[in-house]
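**Q** Structure in structure tokens, see below.
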Amino acid sequence: MAYTAESAWNECLAIIQDNVSPQGFVTWFSKLDPVALTEEDGESRLTIRVPAPFHYEYLEGQYNLLLRSTLSRVLGENSQLYYEVVVLQAPKPNPEHKTSYKVPASTDRHPEAITPPQLTEANTPKVKSNLVGSYTFDKFIVGDCNNLAYSASKAIADSPGGTAYNPFLIYGGVGLGKTHLMQAIGNHVREWKPEKRILYVSSEQFTNNFVRAIQKNQISDFSNIYRQIDLLIIDDVQFFGGKEKTQEEFFCIFNELQQNGNQIVLSADRPPKEISGIEERLLSRFCWGLQADLQPPDLETRTAILLRKASEIGLTLPGDVIDFIAHNITKNVRELEGALVRLLAQATYSKQEITETLAKQALKDFVQRPHATLSIDRVQKLVCEYFGIDQHRLHEKTKKREIVQVRQLAMYFCRELDYTHKAIGLQFGGRDHSTVVHAIKSVNNLIETDINYRNRVSDLRRKIHFLSD
Ligand code: ADP
Ligand code: MG
């Protein structure tokens, strides 16, 4: 069949959609345009337009294999993908001014404290940025859990308002680095583009300042300040929930900044669709640009963070102490930092060397206890509700794949909550301990190989941990 660029790309998209998460698909593939399909040197070349250099790098880094195999399936072995990468040069005054460059897809990659904003001078308005200089990119440890948020933050810091990612929303639980990353964007811009007006505020400070402005009859001063900002960073937007007047004001400021090509960076403690009490029109705007989530750090990242934080305070920790902390303090980075400080204090006061024994003693309150608050039955209910199946089906002797997978996942979460293999087996229709071990292995395999599945597991884990805290 003779393809056009468009029909070939549509067919590729249909395959890609089955292999990536819905959010990944919208973020990375829906903004690509097929521009040409040519035959050269016996090769079918499909060129797709990519909205920004960072977007291209991400596709090449994360989806190169998928793109290559998809293209071969649609256009045959002798096919090659080309990217036309758009470089948005000057968002102001002429946002249409774009150039682009063309690159072939690579073929040899492996998969892999704060005051209200004030004008400081009448004519050259400057605002106090509220940035904390120690939050920088080079102090941020990157792992699988935060890679996307980190690379997008860097791209935005290099070119605020100049990428397709406006607004940029970072979301994730407490202590995972949202504030750090947003502040790092601000600090980077302050260093490299000192003429830019930057303002970091939490949504609560925004609200308080707005209320004060109403009381003092200074609404127009308030909104003028915000409208002049080149990079507006608002932390924890979930606290806008239920504050209608503040949302209205923020909505106007948001629109104006966005239309003028000024960069907006937001954070929230959960995905936008789960934030309650925020008007639909504002929520949908939060999703216009790019959303990136932060997951709890994996073991490797926790180890790297501990090594780095220890060396920052001039401490060399024995390997078994690092291992003990990294294995036992798993929820977030703030707790890891707290654990280090506690350990250091204990060692100093007791004039003892830091050993695993001392670490166990010093950190006994930090080490997570089994989440006994959530019963196995409750976990089963939550998982079944999520997948829309009846709970009693988990106890059936069926080999139906969709039931087996849900059962295995429910077992996996029970194990995460520290129930023993034996206790889990008993409550899943009297199965034995080796069935549970096997289930957990299967879930781990799927997490490694299937991005859709991995996203669902993270989503569910958030719900379960939310209830078990
Ligand atoms: P959040 O805003 O998501 O609650 P923070 O940005 O305040 O989290 O991070 C909590 C602490 O952990 C801060 O001291 C921050 O510097 C540190 N931190 C978080 N993530 C990382 C990381 N990936 N590398 C180094 N430090 C981190
Ligand atoms: Mg924060």
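The values are calculated or read from the model by the stated rules, or taken from the named source; none is laboratory data. This structure is a prediction, so every number in the text was calculated from the model and none was measured. Positions of Cβ are backbone-derived with ideal geometry, glycine not excepted, and every protein chain shown enters the neighbour counts. Protein only, heavy atoms only, side chains kept; ligands, DNA and RNA dropped before computing areas. Shrake-Rupley method; radii C 1.70, N 1.55, O 1.52, S 1.80 Å.
**Q** Ser134 passes all but one of (1) in a loop (DSSP other than H, G, I, E, B); (2) within 16 Å of ligand 2 (Cβ to nearest atom); (3) open to solvent by less than 20 Å² (accessible area, probe 1.4 Å); (4) out of contact with any Phe, Trp or Tyr (no Cβ under 8 Å at 6 or more places or on another chain); which number fails?
**A** Unmet for Ser134, out of (1) in a loop (DSSP other than H, G, I, E, B); (2) within 16 Å of ligand 2 (Cβ to nearest atom); (3) open to solvent by less than 20 Å² (accessible area, probe 1.4 Å); (4) out of contact with any Phe, Trp or Tyr (no Cβ under 8 Å at 6 or more places or on another chain): (3).
**Q** Could you look through region 217-255, keep only residues that are among the hydroxyl-bearing types (Ser, Thr, Tyr) and touching a helix residue (DSSP H, G or I) at 6+ places or on another chain (Cβ under 7 Å), and pick out the one that is farthest from Ser267 (Cα to Cα)? Give the steps one after another, and end with the answer.
**A** Going through region 217-255, the residues among the hydroxyl-bearing types (Ser, Thr, Tyr) turn out to be 220, 223, 226, 246.
Now restrict to residues that are touching a helix residue (DSSP H, G or I) at 6+ places or on another chain (Cβ under 7 Å): 223, 226, 246.
Details: Ser223: 21, Tyr226: 18, Thr246: 17 Å.
Once the filter is applied, the top-ranked residue is Ser223.
**Q** Out of region 194-203, which residues are in contact with a Leu (Cβ under 9 Å, 6 or more places away or on another chain) and either open to solvent by 20 Å² or more (accessible area, probe 1.4 Å) or within 15 Å of ligand 1 (Cβ to nearest atom) (or both)?
**A** Going through region 194-203, the residues in contact with a Leu (Cβ under 9 Å, 6 or more places away or on another chain) turn out to be 196-201, 203.
Scanning region 194-203 gives Lys196, Arg197, Tyr200, Val201, Ser203.
**Q** Looking only at residues in region 314-351 that are of a type outside the set (Ser, Thr, Tyr) and assigned to a loop (DSSP other than H, G, I, E, B), which one is farthest from ligand 2 (Cβ to nearest atom)?
**A** Within region 314-351, the subset of a type outside the set (Ser, Thr, Tyr) is 314-315, 317-329, 331-347, 351.
Okay, now just the ones that are also assigned to a loop (DSSP other than H, G, I, E, B), so 314-315, 317-318, 329, 331-332, 351.
Details: Gly314: 26, Leu315: 25, Leu317: 26, Pro318: 32, Ile329: 19, Lys331: 15, Asn332: 11, Lys351: 36 Å.
Among those that are of a type outside the set (Ser, Thr, Tyr) and assigned to a loop (DSSP other than H, G, I, E, B), it is Lys351.
**Q** Hey, among the residues in region 154-184 that are closer than 24 Å to Ile225 by Cα and small (Gly, Ala, Ser), which one's farthest from ligand 1 (Cβ to nearest atom)?
**A** Out of the qualifying residues, it is Gly162.
**Q** To continue, here is another question. Please verify whether Val189 is away from ligand 2 (no atom under 12 Å from the Cβ) and in contact with a strand residue (DSSP E or B) (Cβ under 7 Å, 6 or more places away or on another chain), treating the condition exactly as stated.
**A** Values: away from ligand 2 (no atom under 12 Å from the Cβ): yes; in contact with a strand residue (DSSP E or B) (Cβ under 7 Å, 6 or more places away or on another chain): yes.
Spelling it out, Val189 is indeed away from ligand 2 (no atom under 12 Å from the Cβ) and in contact with a strand residue (DSSP E or B) (Cβ under 7 Å, 6 or more places away or on another chain).
Matching residues to (1) of a type in the set (Ser, Thr, Tyr); (2) at pLDDT below 90; (3) farther than 26 Å from Thr330 by Cα:
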{"site": "Ser350", "(1), (2), (3)": "yes, yes, yes"}
{"site": "Glu356", "(1), (2), (3)": "no, no, no"}
{"site": "Lys360", "(1), (2), (3)": "no, no, no"}
{"site": "Gln380", "(1), (2), (3)": "no, no, no"}
{"site": "Arg407", "(1), (2), (3)": "no, no, no"}
{"site": "Glu416", "(1), (2), (3)": "no, yes, no"}
{"site": "Tyr419", "(1), (2), (3)": "yes, yes, no"}
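**Q** For a quick check of your reading of the model, give me the residue pairs whose first member lies in region 271-290 and is under 13 Å from Asp236 (Cα atoms), whose second is open to solvent by 50 Å² or more (accessible area, probe 1.4 Å), with beta-carbon atoms closer than 7 Å and at least 6 apart or on different chains.
**A** Hits for this filter: Pro272/Cys287.
**Q** Can you list the helices (runs of 4 or more DSSP H) found entirely within region 411-469 that contain at least 1 residues being under 24 Å from Ser21 (Cβ atoms) and open to solvent by 60 Å² or more (accessible area, probe 1.4 Å)? Steps first, please.
**A** Values: elements: 421-427, 433-449, 451-468.
In region 411-469, the matching helices (runs of 4 or more DSSP H) lie at 433-449, 451-468.
Let's see how each residue does on (1) over 30 Å from Ile264 (Cβ atoms); (2) surrounded by fewer than 17 Cβ atoms within 10 Å (Cβ to Cβ); (3) at pLDDT below 75; (4) among the acidic types (Asp, Glu):
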{"position": "Ser7", "(1), (2), (3), (4)": "yes, yes, no, no"}
{"position": "Ile16", "(1), (2), (3), (4)": "no, no, no, no"}
{"position": "Val26", "(1), (2), (3), (4)": "no, yes, no, no"}
{"position": "Asp33", "(1), (2), (3), (4)": "no, yes, no, yes"}
{"position": "Ala36", "(1), (2), (3), (4)": "yes, yes, no, no"}
{"position": "Ser44", "(1), (2), (3), (4)": "yes, no, no, no"}
{"position": "His55", "(1), (2), (3), (4)": "no, no, no, no"}
{"position": "Ser72", "(1), (2), (3), (4)": "yes, yes, no, no"}
{"position": "Ser79", "(1), (2), (3), (4)": "yes, no, no, no"}
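**Q** Moving on to the next point. Would you confirm, using the coordinates I've provided, whether Ala184 is more than 16 Å from ligand 2 (Cβ to nearest atom) and open to solvent by less than 40 Å² (accessible area, probe 1.4 Å)? Working first, answer last.
**A** Values: more than 16 Å from ligand 2 (Cβ to nearest atom): no; open to solvent by less than 40 Å² (accessible area, probe 1.4 Å): yes.
Considered against the rule, which asks whether it is more than 16 Å from ligand 2 (Cβ to nearest atom) and open to solvent by less than 40 Å² (accessible area, probe 1.4 Å), Ala184 comes out as no.
**Q** Looking at (1) open to solvent by less than 80 Å² (accessible area, probe 1.4 Å); (2) under 26 Å from Thr330 (Cα atoms), which one does Thr398 not meet, given that it meets all the others?
**A** Exception for Thr398: condition (2).
**Q** Only one of (1) among the small types (Gly, Ala, Ser); (2) within 16 Å of ligand 2 (Cβ to nearest atom); (3) in a loop (DSSP other than H, G, I, E, B) fails for Ser267. Which number is that?
**A** (3)
**Q** Considering (1) over 30 Å from Gln17 (Cα atoms); (2) in contact with a helix residue (DSSP H, G or I) (Cβ under 8 Å, 6 or more places away or on another chain); (3) at pLDDT below 90, say which one Ser375 fails and leave the rest.
**A** Failing condition for Ser375: (2).
**Q** Could you please give the count of residues in region 237-246 that are surrounded by fewer than 20 Cβ atoms within 10 Å (Cβ to Cβ) and within 21 Å of Ser129 (Cα to Cα)? Before the answer, list the steps.
**A** Pass one, region 237-246, residues surrounded by fewer than 20 Cβ atoms within 10 Å (Cβ to Cβ): 238, 241-245.
Next cut, within 21 Å of Ser129 (Cα to Cα) only: none.
Summing the residues that are surrounded by fewer than 20 Cβ atoms within 10 Å (Cβ to Cβ) and within 21 Å of Ser129 (Cα to Cα) in region 237-246 gives 0.
**Q** Just one of the numbered conditions (1) in contact with a strand residue (DSSP E or B) (Cβ under 7 Å, 6 or more places away or on another chain); (2) assigned to a loop (DSSP other than H, G, I, E, B); (3) within 16 Å of ligand 2 (Cβ to nearest atom) is not true of Pro160; which one?
**A** Every listed condition holds for Pro160 apart from (3).
**Q** Say we look at region 259-270 and pick out the residues that are touching a helix residue (DSSP H, G or I) at 6+ places or on another chain (Cβ under 7 Å) and surrounded by fewer than 20 Cβ atoms within 10 Å (Cβ to Cβ); which of these is modelled with the lowest pLDDT?
**A** Going through region 259-270, the residues touching a helix residue (DSSP H, G or I) at 6+ places or on another chain (Cβ under 7 Å) turn out to be 263-270.
Then drop every residue that is not surrounded by fewer than 20 Cβ atoms within 10 Å (Cβ to Cβ), which leaves 269-270.
On the way: Asp269: 94, Arg270: 91.
So the residue we want is Arg270.
**Q** Let me ask you something else. Answer yes if at least one residue in region 271-289 is under 20 Å from Tyr150 (Cα atoms), open to solvent by less than 50 Å² (accessible area, probe 1.4 Å) and either within 16 Å of ligand 2 (Cβ to nearest atom) or in a loop (DSSP other than H, G, I, E, B) (or both), and no otherwise. Walk me through it before giving the result.
**A** Going through region 271-289, the residues under 20 Å from Tyr150 (Cα atoms) turn out to be 271-272, 286-289.
Those left that are additionally open to solvent by less than 50 Å² (accessible area, probe 1.4 Å): 271-272, 286, 289.
Narrowing the set further to residues that are either within 16 Å of ligand 2 (Cβ to nearest atom) or in a loop (DSSP other than H, G, I, E, B) (or both) leaves 271, 289.
Yes, there is a match, as at least one residue in region 271-289 is under 20 Å from Tyr150 (Cα atoms), open to solvent by less than 50 Å² (accessible area, probe 1.4 Å) and either within 16 Å of ligand 2 (Cβ to nearest atom) or in a loop (DSSP other than H, G, I, E, B) (or both).
**Q** Let me ask something else about it. Restricting the search to region 381-390, which residues are over 14 Å from His465 (Cα atoms) and open to solvent by less than 40 Å² (accessible area, probe 1.4 Å)?
**A** Cys384, Ile389
**Q** Return yes or no: is Leu169 modelled with pLDDT of 95 or more and of a type in the set (A, V, I, L, M, F, W, C)? Full working, then the answer.
**A** On the way: modelled with pLDDT of 95 or more: yes; of a type in the set (A, V, I, L, M, F, W, C): yes.
Considered against the rule, which asks whether it is modelled with pLDDT of 95 or more and of a type in the set (A, V, I, L, M, F, W, C), Leu169 comes out as yes.
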